[in-house]
Amino acid sequence: MQSARLALSILQNRFRLTPRPLWCTFLVLYRCNARCPMCDSWRLKPGRELNPEQVRSVFRKLGPLQVVRLTGGEPFLRQDFPELAESVMQESRPRVLHVTTNGSFPDRIQNFAAEFPQPRKLQILVSLDGLEEEHDRSRGPDVTYATAMDSILQLLPLRKYGVSVAVNHTISSPRSLHDHAELASRLLPLNVTLHAVIAYAESAMYTIKRVGTQASDLIMQSGYPLHPNLSVCDVAGFVRQRISDCEKLPKLAERIAKRYYWTGLLSRLNNESPPKLKPPCTALRSHIRLLPDGSVPVCQFNTQTVGNLFEQSLDDVWFSDTARNQRAWVDRCTGCWAECEVVPSALYSADFLVQLAAGKLNSTPAAAQDYQ
Ligand code: SF4
Ligand code: SF4
């Protein structure tokens, strides 16, 4: 059944029809106790946050989903987060519930994961900006490297029940880039997978002046809106190394997804035109985003909304003239390279497989050298 829905969704996306959503990214709040310089989530007006029963009504409208990502802000600032997650699980029964956290509440995170009724479906991603000094400088006094590592260590015993634990390293400064190797060597003995994401300059989701707008200038036919702090770094060299490292990832699906992301990023950093990879975008199709009040924005770079799923039915939101017009905008979009958009787009358009078959995801160091 899951495979049939995936196959149908792929066909609908490739023919630019309008599938029902299968992947949902839900910002459960904007509030955050971190003070990251590359993100204004903590500066945004918190606005209305749906309570767990209201979340239940939203996910009942969405029906069965395959992947749900709960993010923020910092989700564990919400005392009702376990109930909220339960509402999502009961109404949409996803195969994967992915939770992103800054790791500042080790006990809450551990309790949540320990009590989670379907641990094999739970993936927790703890964010780090670098080693102690860099992380603490970047995130502020309430979100330290020590508490994030404590969260990770407390989660490790739960892996035997199926809980997946990984670290996301957000790279937004030369020091952060420099720290990656040491971070990898500290996490290796713990057998914790370390992902990395290269920060972009701004987005319409987390840059206060762009919220509610189409950030068209950040969407490029070629190139990448690199965070200005990284302009002096050899980011392309770092990415080439990541392409080689993909082979070390334990799961095949993860290897393909990461290889795809890094290969596409390298092509953009090298200003290839057209870029080597550009999946048909599935924003407002298989991939739906929800804001804390239930409203539905287009994507990471266009946070104009097409309706509110707490106040309206799915059909009223999904098939409205506003949604149709925004979908036309998505179809004209030259393509971004935000991983949180690229992965669902490549999955629900089968572009992972298409490009793998075309030999564009060769991960050997030799292939990576082709870009030099
Ligand atoms: S990047 Fe994450 S931890 Fe930092 S302010 Fe934004 S939401 Fe909070
Ligand atoms: S490619 Fe899709 S997700 Fe990215 S900016 Fe364009 S419409 Fe948004």
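Throughout, read-outs are computed from the coordinates displayed, never taken from laboratory work. Keep in mind that what you see is a predicted model, and the values were worked out from it rather than measured. No Cβ is skipped: glycine too gets one built from the backbone with ideal geometry, and neighbour counts run over all protein chains shown.
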Original post:
Taking a threshold of 29 Å on the Cα-Cα distance, which of the pairs Lys121/Lys209; Lys248/Lys278; Lys160/Lys248; Lys61/Lys121; Lys121/Lys258 fall above it?
Top reply: Lys121/Lys209
Subject >> Rg followed by Dmax, in Å, when region 126-268 is reduced to its Cα trace >> reply: 16.2, 46
Original post:
Residues with amide H under 5 Å of Ser295's amide H, sequence separation 5 or more or different chain, H placed in the peptide plane at 1.01 Å from N; which?
Top reply: Leu309
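Does region 265-325 come out rounded, prolate or oblate by the C-alpha gyration tensor, with a ≥ b ≥ c the root eigenvalues, rounded set by a/c under 1.5 and, if not, prolate when a/b is larger than b/c and oblate if not?
Prolate shape, in that a/c is at least 1.5 and a/b is the bigger ratio.
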Subject >> Net +/- balance of residues flanking Cys340 in space, Cβ distance below 14 Å, scoring K and R +1, D and E -1 >> reply: +1
**OP:** For Leu252 paired with Thr18, estimate the spin-label separation in nm (one decimal), with each label point 7 Å from Cα along the Cα-to-Cβ line.
**Re:** 3.7
Subject >> Sorted by Cβ neighbour density within 10 Å, fewest at the top, the residues Cys246, Cys336 >> reply: Cys246, Cys336
Original post:
Is the shape of the chain best called rounded, prolate or oblate, per the rule: a/c under 1.5 gives rounded, else a/b larger than b/c gives prolate, else oblate, with a ≥ b ≥ c the square roots of the Cα gyration tensor eigenvalues?
Top reply: rounded
Original post:
Within region 200-222, whose backbone N sits under 13 Å from a point 7 Å along Cα→Cβ of Ser273?
Top reply: 220-222
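Report the local net charge at Ser176: Lys and Arg +1, Asp and Glu -1, summed over other residues whose C-beta lies under 15 Å from its C-beta.
-3
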Original post:
Does region 12-98 classify as rounded, prolate or oblate by the C-alpha gyration tensor (a ≥ b ≥ c root eigenvalues; a/c under 1.5 gives rounded; else a/b over b/c gives prolate, otherwise oblate)?
Top reply: oblate
Original post:
Taking the Cα centre of each part, how many Å lie between region 288-346 and region 73-127?
Top reply: 24
Original post:
DSSP loop trypsin sites (Lys or Arg not before Pro) in region 84-181 with at most 14 other Cβ atoms within 10 Å of their Cβ, which ones?
Top reply: Arg95
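Report, in deg cm²/dmol and to the nearest 500, the calculated mean residue ellipticity at 222 nm for the chain, where each DSSP H run with n ≥ 4 adds -39500 (n - 2.57) and the sum is divided by the residue count.
About -12000 deg cm²/dmol.
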Original post:
Could you put Lys360, Lys209 in order, starting from the residue whose Cβ has the fewest other Cβ atoms within 10 Å?
Top reply: Lys209, Lys360
